[in-house]
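S.K.: Shown below is the structure under consideration.
The values are calculated or read from the model by the stated rules, or taken from the named source; none is laboratory data. It should be emphasised that the depicted structure is a prediction, and the values quoted were computed from it without experimental measurement. Quick reminder, even Gly has a Cβ in these numbers, built from the backbone with ideal geometry, and neighbours come from all protein chains shown. Accessible surface is based on the protein model in full, side chains and every heavy atom, while ligands, DNA and RNA are left aside. Shrake-Rupley method; radii C 1.70, N 1.55, O 1.52, S 1.80 Å.
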Amino acid sequence: MATLNSVKAKLKIKAILAAVGVSKAGVKPVATMTGGKLYELFVLSNLMLHLAARGYSFQFSSATIAFKTGGGPIKSTDFHVDVIEGATKVVGKIFTDVEVRTLGLNHISDYSQYHETDIVVVTPSTIGFPTPQELLLGIECKATAKFLKSHVREALGRRRALSYLHHGLLTKLNGGPVVHANPPSEYWLAFIDPTGKNYVQGPAMFSVELIHLQP
Amino acid sequence: MTDEELLEIELELIPLAQRFGVPEILDDSLYRVRDSIETAEMPLSTRMRVVEKIRALERLLSIHDLNTYHLAIGNIELAMQNSHPDLASQIRVPIRAVVSDDDTELFAFENLLDLSEARELLRSLVLDLEEQ
């Protein structure tokens, strides 16, 4: 016979399923893309809080924050956020879903010459596919409910394609860390599963910062 | 609660993961643990595996929840409040967020479901299982 606790747990699950609409006939699965984009928005908001703490102000290009469905080059009409120093000096622009060129850009003619990055801060005049020199800060967002070690390997591979290992350079954004990377971009891997905190030290050697951001 | 009962509960979680399009997050191979850096990975106990699966589902719901959208917009407003005083009067504050393809709006985040009740129930289920 089922114990009281088991019955109680099953009733809770039934209530959970009802609350998300599983019990209704004909309900389609929620689009998985939506979750990834909502997490990008959440990470973008945390990036802005972080940069605000480093003294920056912001200006939005429009009243609607628009995420693209896939990566591509930067167009002047794309939604972006100006990162402003003092009252007027635009020192960077935040874009989402951008394909960033790799260090080998002058020697590569296939699709491996760029990699999509979920959120970037680039130099103000950047248009098209940013070069590693134009990238000030890049973020990969992992909205997967379970953190995988392959996320770390992927971030390390991208870091290698963006910067050479260096004993230490100052980043171009104020208040940033000294990075072991040349060009000296900052690089974050943001994730929701706290298990990812067990993988911080190795990527830190290459200035890939693992940041646990969970709504 | 017996292992058999825990396995029954585990099965009941499947429709929830399917609803959000990622049934693979309940794959047992994702729920393993190491005692220390020197040891090999081991499967979790049945109870801990079920607890961790429920936690993963709560995280899954968090990235589909209208409340996360409001939290993000709140963070952005907070970041904007610290703007340079000379900029304060001209700052454009975003009022909504969408996913679009070129100029076609595909989805507006304001249409997300409020999943606060389901998330709260998942968290309380974790507490129930941990207390036993």
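S.K.: Is it the case that some residue within region A:65-79 is in contact with a Gly (Cβ under 7 Å, 6 or more places away or on another chain) and either of a type in the set (Gly, Ala, Ser) or surrounded by 20 or more Cβ atoms within 10 Å (Cβ to Cβ) (or both)?
M.R.: Pass one, region A:65-79, residues in contact with a Gly (Cβ under 7 Å, 6 or more places away or on another chain): A:73-74.
Keeping just the survivors that are either of a type in the set (Gly, Ala, Ser) or surrounded by 20 or more Cβ atoms within 10 Å (Cβ to Cβ) (or both) gives A:74.
Taking every residue of region A:65-79 in turn, at least one turns out to be in contact with a Gly (Cβ under 7 Å, 6 or more places away or on another chain) and either of a type in the set (Gly, Ala, Ser) or surrounded by 20 or more Cβ atoms within 10 Å (Cβ to Cβ) (or both).
S.K.: Can you report the number of residues in region A:133-155 which are farther than 22 Å from B:Arg32 by Cβ and surrounded by fewer than 20 Cβ atoms within 10 Å (Cβ to Cβ)?
M.R.: Number satisfying all stated conditions: 1.
S.K.: Got a number for residues in region B:100-132 being within 7 Å of chain A (Cβ to nearest Cβ), open to solvent by 70 Å² or more (accessible area, probe 1.4 Å) and assigned to a helix (DSSP H, G or I)?
M.R.: Summing the residues that are within 7 Å of chain A (Cβ to nearest Cβ), open to solvent by 70 Å² or more (accessible area, probe 1.4 Å) and assigned to a helix (DSSP H, G or I) in region B:100-132 gives 1.
One line per residue, one yes/no per condition, for (1) within 22 Å of A:Thr144 (Cβ to Cβ); (2) part of a helix (DSSP H, G or I):
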site: B:Leu11; (1), (2): no, yes
site: B:Ser36; (1), (2): no, no
site: B:Ala40; (1), (2): no, no
site: B:Leu57; (1), (2): yes, yes
site: B:Thr68; (1), (2): yes, yes
site: B:Asn75; (1), (2): yes, yes
site: B:Leu78; (1), (2): no, yes
site: B:Pro85; (1), (2): no, no
site: B:Arg92; (1), (2): no, no
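S.K.: Somewhere in region B:71-86, is a residue more than 30 Å from A:Ser57 (Cβ to Cβ), charged (D, E, K, R) and open to solvent by 10 Å² or more (accessible area, probe 1.4 Å)?
M.R.: Within region B:71-86, not a single residue is more than 30 Å from A:Ser57 (Cβ to Cβ), charged (D, E, K, R) and open to solvent by 10 Å² or more (accessible area, probe 1.4 Å).
S.K.: Then there's this: Within region B:21-67, how many residues turn out to be without any contact (Cβ under 8 Å) to a residue 40 or more places away in the chain, away from chain A (no Cβ under 11 Å) and either under 12 Å from B:Glu10 (Cα atoms) or within 16 Å of the chain's Cα centre (by Cα) (or both)? Explain how you work it out, then say what you get.
M.R.: Taking region B:21-67 and keeping what is without any contact (Cβ under 8 Å) to a residue 40 or more places away in the chain, we get B:21-45, B:48-49, B:52, B:56, B:59, B:63.
Those left that are additionally away from chain A (no Cβ under 11 Å): B:28, B:35-36, B:38-40, B:42-45, B:48-49.
After this cut, where a residue has to be either under 12 Å from B:Glu10 (Cα atoms) or within 16 Å of the chain's Cα centre (by Cα) (or both) as well, the list is B:28, B:48-49.
The number of residues fulfilling the criteria is 3.
S.K.: Right, another one. Is it fair to say A:Ile65 is hydrophobic (A, V, I, L, M, F, W, C), more than 15 Å from the chain's Cα centre (by Cα) and under 19 Å from B:His70 (Cβ atoms)?
M.R.: yes
S.K.: Follow-up. Of all residues in region A:194-215 being surrounded by 16 or more Cβ atoms within 10 Å (Cβ to Cβ) and in a helix (DSSP H, G or I), which is nearest to the other protein chains (Cβ to nearest Cβ)?
M.R.: Ranking the candidates gives A:Thr195 first.
S.K.: Tell me, yes or no, whether region A:181-193 has at least one residue that is surrounded by fewer than 18 Cβ atoms within 10 Å (Cβ to Cβ) and either over 26 Å from B:Glu41 (Cβ atoms) or touching a strand residue (DSSP E or B) at 6+ places or on another chain (Cβ under 7 Å) (or both).
M.R.: Yes, region A:181-193 contains at least one residue that is surrounded by fewer than 18 Cβ atoms within 10 Å (Cβ to Cβ) and either over 26 Å from B:Glu41 (Cβ atoms) or touching a strand residue (DSSP E or B) at 6+ places or on another chain (Cβ under 7 Å) (or both).
S.K.: Residue under question is A:Asn174, and the condition is that it be out of contact with any helix residue (DSSP H, G or I) (no Cβ under 8 Å at 6 or more places or on another chain), over 30 Å from B:Asp28 (Cα atoms), within 14 Å of another protein chain (Cβ to nearest Cβ) and surrounded by fewer than 16 Cβ atoms within 10 Å (Cβ to Cβ); does it hold? Steps first, answer last, please.
M.R.: Working: out of contact with any helix residue (DSSP H, G or I) (no Cβ under 8 Å at 6 or more places or on another chain): yes; over 30 Å from B:Asp28 (Cα atoms): yes; within 14 Å of another protein chain (Cβ to nearest Cβ): yes; surrounded by fewer than 16 Cβ atoms within 10 Å (Cβ to Cβ): yes.
The answer is yes for A:Asn174.
S.K.: So, one more: Which of (1) in a loop (DSSP other than H, G, I, E, B); (2) more than 17 Å from the chain's Cα centre (by Cα) is the odd one out, the single condition A:Lys146 does not satisfy?
M.R.: Result: A:Lys146 passes all but (2).
S.K.: Moving on to the next point. Which condition number does A:Leu156 fail, the rest of (1) part of a loop (DSSP other than H, G, I, E, B); (2) away from chain B (no Cβ under 14 Å) being met?
M.R.: All conditions are met except number (1).
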